[in-house]
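A short write-up of the structure that comes next.
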Amino acid sequence: MKLLIVDDIDANLKVLRVTFEAEGHTIIEARDGIEALQILDRETVDAVLSDIMMPRMDGYRLCHEIRTNEHLRELPIVIYTSTYTSAGDEKLALSLGADRYLKKPAPFQTILGVLLEAIAMPHATSGPEPRQEIAALKDYGDRLVAKLEEKNIELAAANGRLSILDRAKNEFLIIIAHELRTPLTGLFILGDLVIAGMQPTRENLELQEVFLRSRNRILSILEDALLLTRIDVQTEEFGGASVPLGYVLSHAIQGTTEFARSRDVGFAMLAANLGPVVGDQDLLIRSFRSLLETAVKFSRKGETVDLTQEVVGDSMQVIIDSNSWSITATAMPKFFEVFAIGEALTPGGDLGLGPAVASRILSLFGASVSVANRDPLGIRLTVSLKSAAPKSARQPELADA
């Protein structure tokens, strides 16, 4: 006997294949109804032994497809399942074209006997009666709807539990971050006192620079982590208002100037008025500071980070260009992810939480940021914000330095 076994569980397939092949039978395997029909389109088998619940196409639908195919309608079908065990389930399977219905588990000799009996049965040369088929398909549809509703209820409950756990996790992180500030402040003060008492030798000055850089990084990550968890927990509390974009960008540049100077990188000059956008003034400044610092990290000494602005429909776009290093293909998809914090994407080291913070702040106000490599070198950060100005208002562009 050449048998097609349809089951999405590998362990079930293996047991049945080994057992039947030990008795000299030929086995072909399929993991759902669609794969089974593809096999039947090119292979001739003596019978089909199918489970019910499978991805893409289940056993009920497979029965219907076989019985309504003029080339396959006489093919013996045995349903072998543990998913449904009521009389109604068996009736549905038989009405859709199955010859026999077996409940798992069953002894091999029983399965073999049922298959041989189905092969010996005379089969009709035409499909099922229209009324019978319609009734069976309606029953089949009703069962699918009921199953989907049951799954939706289960998913809603699971999602509710996950939301509670996620909120608890974020609130716990907020507490931890707050509690870290006190001991860290003590350590930083002690460090300042130690450094103040050191002789101004070259080696000591280098140690002082390392200390200051490490302190600033710790404080920056701590502050960014607090904001990220606050955004996750209290998203509904962030409201949007009309904010002057020129003010936001000028203050973001001012806040980034010291960092840029430490790397000998400059910025383009700003036009006086760029029109209003939707957002929160302080949060947008924070977001643009993070993006400008990112652009600085992708710039060499002596270079300038270029800013331009465009109006696209109802959106304002601010484009931030660096001109030195690019992002690798593997790092590009996770550029704005929190867990990319430890990856060194530039020669100057990792980017911290800056890109993730900026992306999440912008999303609060229906805005977004994307990143792309420039040709031949550098990156482009494109920030799209909702304009709060009348559509007819024209916005001046940023002027280069």
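Some notes on this structure:
- Residue count for the range 300-315, restricted to those that are under 23 Å from residue 365 (Cβ atoms) and either polar (S, T, N, Q) or not assigned by TED's automatic domain parsing to the domain that holds residue 374 (or both): 3
- Inter-residue pairs, beta-carbon under 9 Å, first among the small types (Gly, Ala, Ser) and in the range 108-129, second crowded, with 16+ Cβ neighbours inside 10 Å and modelled with pLDDT under 60, 6+ apart: 127/133
- Against the conditions (1) at pLDDT 90 or above; (2) assigned to a helix (DSSP H, G or I); (3) surrounded by fewer than 19 Cβ atoms within 10 Å (Cβ to Cβ), residue 222 satisfies every one except (1).
- Test: residue 102 is part of a helix (DSSP H, G or I) and assigned by TED's automatic domain parsing to the domain that holds residue 35: no
- Set 357, 369, 318: member being assigned by TED's automatic domain parsing to the domain that holds residue 281 and at pLDDT below 85: 357
- Taken over the range 61-70, the residue count meeting the criterion of being within 33 Å of the chain's Cα centre (by Cα) and under 20 Å from residue 106 (Cβ atoms) is 1.
- Residue 19 modelled with pLDDT of 90 or more, surrounded by fewer than 16 Cβ atoms within 10 Å (Cβ to Cβ), touching a helix residue (DSSP H, G or I) at 6+ places or on another chain (Cβ under 8 Å) and in a helix (DSSP H, G or I): yes
- Among the residues listed as 326, 287, the single one being at pLDDT 85 or above and assigned to a loop (DSSP other than H, G, I, E, B): 326
- The residue that is surrounded by the fewest Cβ atoms within 10 Å (Cβ to Cβ), among those in the range 237-267 that are farther than 19 Å from residue 308 by Cα and of a type in the set (Ser, Thr, Tyr), is 262.
The values are calculated or read from the model by the stated rules, or taken from the named source; none is laboratory data. The shown structure was predicted, so the numbers you read here are calculated from the model rather than taken from an experiment. Quick reminder, even Gly has a Cβ in these numbers, built from the backbone with ideal geometry, and neighbours come from all protein chains shown.
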